[in-house]
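Okay, so here's the structure we're looking at.
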Amino acid sequence: MGGTGLRNFARSAGAVLAICMLALSACSSKTTTGTATPSGTGAGKTIALGAVLSLTGAGGIYGPQQKNGILLAQEEINRNGVNGARIAVTIADDQSDKTQGAQQFQTVIQQGKVVGIIGPTLSNTAVGAHPVADQNRTPVIAPSNTGNGIVGTCPYSCTYIFRDSLGEAAAIPANLKVAAARLHPKTAALAFANDDKFSSDGAAIFKTVLSADNVQLVDTEQFSKAQTDFATYATNIIAKKPDVVAISGVGGVPSKLIVELRRQRYAGPIVGGNGFNSSSVSMQAGQAGIGAQSGSAWFLGTTTTVNTNFVAAYKAKYNADPDQFAAQAYTAVYLFADAARHASLTFNDVAKDRDAIATALQNVSIDTPLGPFSFTSDHDVHQPIYVVAMDGAGGFTLVETVQP
Ligand code: 1QQ
């Protein structure tokens, strides 16, 4: 390109860059390493993504917020596009079922020709779905799979699997550290769903950390994630007079057990896992849930520009506050968009584009509602932990922020 051409290009590139920088203020004062693909190369093209979420079943309490977060991010990003291309997210329901989740992954990969997938909602579904994506060399961002072995060292090949959801292996110790410093418990009771991967992994982590803190486990109650009547379990727990009760469960389990414990006049502290971090769970627990404490990856009141913009935009679109699940799903779209911006997509060779996105995801570094975000070498999360407590009205108060 001759002198003048390059200058015109530089001038127009300068102008385009300025516009992009403005558009990107939503989620990226930090900059991803590596050269961005010249803008405009994606003009008229579509970046197809899949989102396989629990809109029904045990995880159906989390999926709707995730869907909202994804649709908001898509709308914001498509105002200016990704190097001229549009993001198009196909959303499917994994029905909180491992086999259904694997089937939906297969469908968005084979038929949807997606270059990336967000999901599924539950760790229990992920162990069925993620191997399908990995075998098809299709990058995944797990927006709420906080169990063990989801990234890094997995019981199956997980080279193409990333997660932007804080693992219980980090969240539970941080939560218990804050609880121990305030409550100095000597005894504890543990209740968990034994037919759900996340709940069982969480229970194992609670056991390990409590024994490391010399907190004696005086009672352990286990039940199915489909359990709805917790009267017997609450009676057994209360009979042992624990200093604190720990709950590791998904869906309706946390709120139902909390309500039953309070109904049977248990007035002591309650701590829990990621299953607590949903505005729907806080709402269902209501007054009984006040003070129930968990380690969260996000806090509504974080005053960064990117988070206040997200909260304001979410409220404007849905007339409701977002929660952690919405924030993580929203962030996942921005992470894919930034990877696509740096991936030199062909838009005609889907296998090549999937590989390019997977490679680019490793170098992503952007500001998000979760905070400055980049993946660890294990494709995992490294972020502050917000220890929060239910406020009795569908929200959470911040107890303490624990740095990683
Ligand atoms: C998991 C979870 C659930 C509580 C929410 C989706 O963290 O299954 O990993």
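Build a GNM of the chain with springs between Cα atoms under 10 Å apart, and of Asn319, Asn277, Asn363 the one that fluctuates most is Asn319.
Here the simple spin-label model places points 7 Å from the Cα toward Cβ, and for Tyr318 and Ala88 these points are separated by 2.4 nm. Springs between Cα atoms under 10 Å define the GNM used for the chain, and in it the highest mean-square fluctuation of Ile109, Ile258, Ile238 occurs at Ile238. The orientation-averaged shadow of the Cα convex hull for segment 122-212, equal to a quarter of the hull surface, comes to 6.3 nm².
The Cα-based radius of gyration of segment 54-191, divided by its Kirkwood radius, gives an Rg/Rh of 1.05. Extension gain for the segment Gln216 to Asp378, taken as residue separation times 0.36 nm less the Cα-Cα distance, is 55.0 nm to one decimal. Distant-in-sequence amide contacts of Ile117, defined by a placed amide H-H separation under 5 Å and a gap of 5 or more residues or a different chain, comprise Gly50, Val140, Ile141. Percent antiparallel among DSSP beta bridges with both residues in the chain, to the nearest 5? Of those bridges, close to 30 percent are antiparallel. For the pair Thr401 and Arg182, the difference between a 0.36 nm per residue extended length and the Cα-Cα distance amounts to 77.4 nm.
For segment 207-259, the ratio of Cα radius of gyration to the globular rule of thumb 2.2 N^0.38 Å stands at 1.17. Comparing Asp201, Asp213, Asp367 in a Gaussian network model of the chain where C-alpha atoms under 10 Å apart are linked, the largest mean-square fluctuation is found at Asp213. Seen from every direction in turn and averaged, the convex hull around the alpha carbons of the chain projects onto 18.8 nm².
Using alpha carbon centroids, what distance separates segment 48-77 and segment 239-313, in Å? Cα centroid to Cα centroid, the span is 21 Å. According to the Kirkwood relation over distinct C-alpha pairs, the hydrodynamic radius of segment 248-297 is 10.6 Å.
Rule-based calculations on the coordinates, nothing more; no lab input. Keep in mind it's a predicted model, so treat the numbers as computed, not measured. We place every Cβ from the backbone using ideal geometry, glycine too, and count neighbours over all the protein chains shown.
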